[in-house]
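The values are calculated or read from the model by the stated rules, or taken from the named source; none is laboratory data. Remember, predicted model here, so these are calculated numbers, not experimental data. Every residue, glycine among them, receives a Cβ derived from its backbone with ideal geometry; neighbour counts consider all protein chains shown.
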Amino acid sequence: MKPIATPKYSGAISQPGRRKAALRDDGGTPGGNAPLALPYLSGYAPALQQQVRDWLEAGKAGKWLLDRHPEAHNRRTDKSLYDYVDALRNEHLRNAGLLHKVAYDSKIHVVRNALGLHTRRAIAHGGRLNARHEIHVASMFKHAPEAFLHMICVHELAHLRELDHDKAFYQLCTYMEPQYHQLEFEVRLYLSYLDTGGAPLWGAGAEGRA
C-alpha cells in the first residue's frame, strides 16, 4: 500500500461497537447486506476505503500491520510515558509550556471519543495565571508499536501551540513526525481491524499474526 495523505479533519474518532463479522457490499439493494462500515476511515477517499474493505475481508490487514511494525514499545507506565513525551517537547517545543501530567487513560476512548486528550487549565500563582498542561493517551497505546505511540503523542503535543485541527496544526505534526499522516492512517486501519473482530496484534492477548 502506498503512503497515505491524511484528510484534514478532526483527530476525534467515532465509537462503534465491536462486530464479529464484516458485512459485504451487494450494491446496497433492498434487503441485502450493506457495505462494511469504516467509521475510522470515513474521511479518506472511497477507493482507499474499498481497498481496506478488501484487505479486511481477505484477512490481510493484520499481517500487513505486523510486517510494518513487528514489535510493541516498552513504555508501559505513566512515568515512562511522561519521560517520553517530555523529551519530545524538549526537542521540538521547548518554549511551548511545561507538562504537568502525562498518563495512560482507559476511559478517553469510550467517554471522550478520542485516542488522546490535551487539557489546559489556568492556575493562579503569585498573582499570575500559569497554564497547566496535561496529556492523556488511550490505554490501547500501552501495547502498540512505538511509531503509533509517537504519532498520538505528537498530535497531543501540537495542541500546546495550536488549538485547532487546521493547516498550522498539521504542519506542526509533520515537523515533529514527518510520517505523521501515514502513521495516522495505519492507526485508523488497526482500529478498523479490531472493530471487525480482529484479535490484538501486540501486547497481552495478542496473536502475533493476522
Practice item. Filter the range 64-83 down to residues that are touching a helix residue (DSSP H, G or I) at 6+ places or on another chain (Cβ under 9 Å) and not polar (S, T, N, Q), then give me how many there are. Key: 10
Practice item. Go over the candidates ARG128, ARG76, ARG121, ARG112 one by one and state the one that is modelled with pLDDT of 85 or more and either crowded, with 17+ Cβ neighbours inside 10 Å or of a type in the set (D, E, K, R) (or both). Key: ARG76
Check your understanding: From ASP83, ASP67, which residue is in a helix (DSSP H, G or I), modelled with pLDDT of 95 or more and closer than 29 Å to ALA199 by Cβ?
Key -> ASP67
Point to revise | Pairs where the first residue, in the range 89-108, is on the phi < 0 side of the Ramachandran plot and β-branched (Val, Ile, Thr) and the second is in a helix (DSSP H, G or I) and buried (at least 17 other Cβ atoms within 10 Å of the Cβ), C-beta under 6 Å, 6+ apart | key: VAL102/LEU81; VAL102/TYR82; VAL102/VAL85
Point to revise | Counted residues, the range 38-50 - those being over 20 Å from the mean Cα position of the chain (by Cα) and not aliphatic (A, V, I, L, M) | key: 2
Practice item. Among the residues of the range 142-180, write down those that are under 17 Å from ILE108 (Cβ atoms), among the hydrophobic types (A, V, I, L, M, F, W, C) and not in a helix (DSSP H, G or I). Key: ALA144
Point to revise | Members of the range 160-185 found to be in contact with a helix residue (DSSP H, G or I) (Cβ under 6 Å, 6 or more places away or on another chain), under 21 Å from ARG94 (Cα atoms) and surrounded by 19 or more Cβ atoms within 10 Å (Cβ to Cβ), listed by number | key: LEU172, CYS173, MET176, GLU177, TYR180
